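Read through the structure below, which is laid out as C-alpha coordinates, and then see the notes.
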Amino acid sequence: LLDNKPRSADVLALTPLSLVKLPGAVFRELMLSRPALALAIAQLESKRLRELNRRFVIHSADATTRLLNALAELARHSAGGQDVLAPIPPLAQRELAALAGLSRETTSRTLGKLRDRGYLQEEGGGLRLLSLEPLRKRCLL
(Lines give C-alpha, C1' and ligand atoms only; values in the text may rest on other atoms or scores of the structure.)
Protein backbone atom coordinates (compact mmCIF):
# COMPACT_ATOMS: atom_id res chain seq x y z
CA LEU A 1 0.00 0.00 0.00
CA LEU A 2 2.71 2.46 0.89
CA ASP A 3 5.32 1.53 -1.72
CA ASN A 4 3.05 0.38 -4.59
CA LYS A 5 4.34 -3.19 -4.25
CA PRO A 6 2.13 -6.27 -3.72
CA ARG A 7 1.83 -7.71 -0.22
CA SER A 8 4.03 -10.69 0.42
CA ALA A 9 2.28 -12.12 3.48
CA ASP A 10 -0.76 -14.21 4.31
CA VAL A 11 -3.14 -13.66 7.20
CA LEU A 12 -4.58 -16.27 9.55
CA ALA A 13 -7.61 -15.10 11.56
CA LEU A 14 -8.13 -16.79 14.92
CA THR A 15 -11.53 -15.19 15.44
CA PRO A 16 -14.28 -13.83 13.16
CA LEU A 17 -13.47 -10.45 11.68
CA SER A 18 -14.62 -7.75 9.28
CA LEU A 19 -12.37 -6.81 6.38
CA VAL A 20 -12.20 -3.52 4.53
CA LYS A 21 -10.30 -3.47 1.24
CA LEU A 22 -9.03 -0.08 0.07
CA PRO A 23 -7.21 0.79 -3.13
CA GLY A 24 -3.66 1.98 -2.44
CA ALA A 25 -4.38 5.52 -3.62
CA VAL A 26 -7.33 5.85 -1.20
CA PHE A 27 -5.24 4.52 1.68
CA ARG A 28 -2.39 6.93 0.93
CA GLU A 29 -4.83 9.86 0.75
CA LEU A 30 -6.27 8.86 4.15
CA MET A 31 -2.75 8.76 5.60
CA LEU A 32 -1.99 12.25 4.26
CA SER A 33 -5.28 13.79 5.35
CA ARG A 34 -5.44 12.22 8.83
CA PRO A 35 -2.20 12.59 10.81
CA ALA A 36 -3.61 10.59 13.77
CA LEU A 37 -4.23 7.64 11.44
CA ALA A 38 -0.73 7.93 9.97
CA LEU A 39 0.77 7.98 13.49
CA ALA A 40 -1.29 4.95 14.55
CA ILE A 41 -0.14 3.02 11.46
CA ALA A 42 3.50 4.01 12.14
CA GLN A 43 3.17 2.85 15.77
CA LEU A 44 1.67 -0.45 14.62
CA GLU A 45 4.52 -0.98 12.15
CA SER A 46 7.06 -0.15 14.86
CA LYS A 47 5.47 -2.75 17.15
CA ARG A 48 5.52 -5.32 14.33
CA LEU A 49 9.19 -4.63 13.60
CA ARG A 50 10.05 -5.10 17.28
CA GLU A 51 8.10 -8.39 17.26
CA LEU A 52 9.91 -9.52 14.10
CA ASN A 53 13.28 -8.85 15.75
CA ARG A 54 12.16 -10.90 18.77
CA ARG A 55 11.09 -13.73 16.44
CA PHE A 56 14.55 -13.81 14.87
CA VAL A 57 15.99 -14.44 18.34
CA ILE A 58 13.35 -17.10 19.11
CA HIS A 59 13.97 -18.80 15.76
CA SER A 60 17.37 -20.03 16.95
CA ALA A 61 15.95 -21.40 20.23
CA ASP A 62 15.11 -25.02 21.04
CA ALA A 63 11.76 -26.58 20.07
CA THR A 64 10.17 -26.23 23.51
CA THR A 65 11.02 -22.53 23.71
CA ARG A 66 9.70 -21.90 20.21
CA LEU A 67 6.46 -23.76 20.88
CA LEU A 68 5.92 -22.11 24.28
CA ASN A 69 6.46 -18.73 22.65
CA ALA A 70 3.86 -19.49 19.95
CA LEU A 71 1.36 -20.75 22.55
CA ALA A 72 1.87 -17.66 24.73
CA GLU A 73 1.37 -15.35 21.75
CA LEU A 74 -1.80 -17.17 20.71
CA ALA A 75 -3.15 -16.93 24.28
CA ARG A 76 -2.36 -13.20 24.44
CA HIS A 77 -4.08 -12.53 21.14
CA SER A 78 -7.12 -14.66 21.93
CA ALA A 79 -7.59 -12.81 25.23
CA GLY A 80 -7.01 -9.41 23.64
CA GLY A 81 -4.33 -8.56 26.15
CA GLN A 82 -1.41 -9.93 28.12
CA ASP A 83 -2.91 -13.11 29.62
CA VAL A 84 -0.62 -15.93 28.49
CA LEU A 85 -2.73 -18.40 30.48
CA ALA A 86 -5.90 -17.58 28.51
CA PRO A 87 -7.54 -20.32 26.45
CA ILE A 88 -6.03 -20.83 23.01
CA PRO A 89 -8.62 -21.37 20.24
CA PRO A 90 -8.61 -24.71 18.40
CA LEU A 91 -5.79 -24.84 15.87
CA ALA A 92 -4.52 -27.70 13.71
CA GLN A 93 -1.09 -29.00 14.73
CA ARG A 94 0.32 -28.12 11.33
CA GLU A 95 -0.77 -24.48 11.81
CA LEU A 96 0.70 -24.39 15.31
CA ALA A 97 3.88 -25.96 13.92
CA ALA A 98 4.09 -23.28 11.22
CA LEU A 99 3.67 -20.51 13.82
CA ALA A 100 6.46 -22.02 15.94
CA GLY A 101 8.72 -22.76 12.98
CA LEU A 102 8.71 -26.49 13.72
CA SER A 103 7.69 -29.66 11.94
CA ARG A 104 4.28 -31.10 12.82
CA GLU A 105 5.98 -34.16 14.31
CA THR A 106 8.25 -32.09 16.58
CA THR A 107 5.25 -29.99 17.60
CA SER A 108 3.27 -33.12 18.49
CA ARG A 109 6.14 -34.55 20.60
CA THR A 110 6.74 -31.23 22.35
CA LEU A 111 3.03 -30.75 23.11
CA GLY A 112 3.07 -34.22 24.68
CA LYS A 113 6.06 -33.31 26.87
CA LEU A 114 4.38 -30.09 28.00
CA ARG A 115 1.19 -32.03 28.87
CA ASP A 116 3.16 -34.71 30.75
CA ARG A 117 4.93 -32.03 32.81
CA GLY A 118 1.59 -30.42 33.72
CA TYR A 119 2.25 -27.19 31.83
CA LEU A 120 -0.47 -27.62 29.19
CA GLN A 121 -3.96 -29.05 28.92
CA GLU A 122 -6.54 -29.50 26.20
CA GLU A 123 -9.64 -27.44 26.83
CA GLY A 124 -12.77 -27.09 24.70
CA GLY A 125 -10.96 -28.30 21.59
CA GLY A 126 -8.18 -25.80 22.16
CA LEU A 127 -5.24 -25.58 24.54
CA ARG A 128 -4.34 -23.70 27.71
CA LEU A 129 -0.98 -23.11 29.36
CA LEU A 130 -1.32 -23.89 33.07
CA SER A 131 1.87 -22.36 34.46
CA LEU A 132 4.10 -19.35 33.97
CA GLU A 133 7.12 -21.35 35.15
CA PRO A 134 8.29 -22.66 31.74
CA LEU A 135 7.82 -19.19 30.21
CA ARG A 136 9.84 -17.52 32.96
CA LYS A 137 12.54 -20.18 32.72
CA ARG A 138 12.96 -19.36 29.02
CA CYS A 139 12.67 -15.54 29.48
CA LEU A 140 9.44 -15.42 27.44
CA LEU A 141 7.60 -13.08 29.85
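Below, the figures for the structure above:
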item: Ranked by how many other beta carbons lie within 10 Å on average, peptides 128-139, 93-104 from highest; result: 93-104, 128-139
item: Point-to-point label distance, ARG104-LEU22, nm (Cα→Cβ direction, 7 Å offset); result: 3.9
item: Sum of side-chain charges, GLU95 neighbourhood, beta-carbon under 12 Å (Lys, Arg +1; Asp, Glu -1); result: +1
item: Per residue accessible area in Å² of the chain, where ligands, DNA and RNA are left out and the probe is 1.4 Å; result: 69
item: Whole-angstrom Cα spans of the chain along principal axes, big to small; result: 55, 30, 26
item: Rounded FRET efficiency, nearest 0.05, which uses the C-beta distance separating ASP83 from ALA42 and R0 of 30 Å; result: 0.65
item: Gain on full stretching of the segment that runs from ARG54 to GLN121 - 0.36 nm per residue minus C-alpha separation; result: 21.5 nm
item: Full-stretch length increase - CYS139, ALA63 - with 0.36 nm per residue and alpha-carbon distance subtracted; result: 25.9 nm
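The values are calculated or read from the model by the stated rules, or taken from the named source; none is laboratory data. Since this is a predicted model, take the numbers as computed values, not measurements. Positions of Cβ are generated from backbone atoms using ideal geometry, with glycine treated the same way; all protein chains shown enter the neighbour counts. Areas reflect the complete protein model, heavy atoms only, side chains present, ligands, DNA and RNA absent. Shrake-Rupley method; radii C 1.70, N 1.55, O 1.52, S 1.80 Å.
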